[in-house]
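One structure below.
Values in this text are rule-based calculations from the coordinates and carry no lab data. As the structure is a computational prediction, the values presented were derived from the model and not from experiment. Cβ coordinates were reconstructed from backbone atoms using ideal geometry, including for glycine residues, and neighbour counts include every protein chain displayed.
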Amino acid sequence: MGSGFNPAAQVGCPALVDTTFTDSTSLQAAIPADLDGPAGASMLIAVFVRNPDGSISNMAQFTVLFAASVLQSWTTLDKVVGEVPAFTRGIGSITDDTLRTWIKSIAQTVSSCLLRRGLPLDPAQWQQPSALNAYQSPADVLEMITRYGAAARLAAAISSQFSSGGENPLSKNLADAYARELKLLSGGDYDKLFLPAAATVETGQLVEAGDVFTANGESEQAFTKGQVF
C-alpha cells in the first residue's frame, strides 16, 4: 500500500518480481519462490518499488518465514503395528504419539546413516523403478529398516509390561532384523540404490577408492566396501 503508484512500476523484494497494478495506492507482488533461507527460521528482506524511469521508493523491511524441514518417517503406524499382531492401537499405555516418537527416532538414525555414507536423501537422485528392476526400491529399503526398528521397540515395550520374565522371541527377531538391515545400509550394500552412479569396489594395489571412470573418461564417485564416513 502507498500512493502515486505507476501502472508500469515493479516491486523488488529484493529482486524485481512480477507486479500487478491495482490502483495508484496498491500494488501486488509475490515473494520470489526461489528465495532461499534457513529451514524453520526467518530472514529480513528489503522491499521497494521501482518506477519506469528507474527511480526507486524508500525501502521497507519485511520478514520472510521459511518452512521447517519435515523429516521423512519412511513408514506408517499401521505397518509398524502390523509387525506385532498381539498389539491393538488405543488399548493400554502405548499411544499413537509414543509410536510416532519411536518411528521418528529410528528414521533419524536411518537418515543419518545415509548422510554418513554420502548418499542423497532426495528420492529424485535414487535408482528409479522400472519393469526390469527385480530388487527392492530405495524407498522400500528405508521403510523396511524403519518398520523393523520401531516394531522392535513396540514388541519390547509390550514384553516389559505383560511378560513375567524371559526374552520375547518376536522382539528379538525384530531387533535382529533391524540390526542386520541397518548394518547392510551402513556397510554400503545398498549404495547403488541410492546413488546409481556410485560403485562399490574391492581396493588393493591396483584399485583405490575413486578410481572409477565412465566410458568418456569422467571420474565417478566410488565407495570402498566397509568404508566408514
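Applying 1/(1 + (r/R0)^6) with R0 = 30 Å to the Cβ-Cβ distance of Ala15 and Ala124, what FRET efficiency is obtained, to the nearest 0.05?
After rounding, the FRET efficiency stands at 0.70.
Could you rank the peptides 119-125, 178-184 by their average count of other C-beta atoms within 10 Å per residue, with the highest value first?
Top to bottom by mean Cβ count within 10 Å: 178-184, 119-125.
If each of Leu65 and Lys79 carries a label point 7 Å out from its Cα toward its Cβ, how far apart are those two points in nm?
Between Leu65 and Lys79, the simple spin-label model gives 3.1 nm.
Quick one: if the Förster radius is 41 Å, what FRET efficiency do Ala33 and Asp176 give, using the C-beta to C-beta distance and rounding to 0.05?
The value I calculate is 0.30.
Between Ser93 and Gln72, take the C-beta separation as r, use R0 = 45 Å, and let me know the FRET efficiency to the nearest 0.05.
0.95
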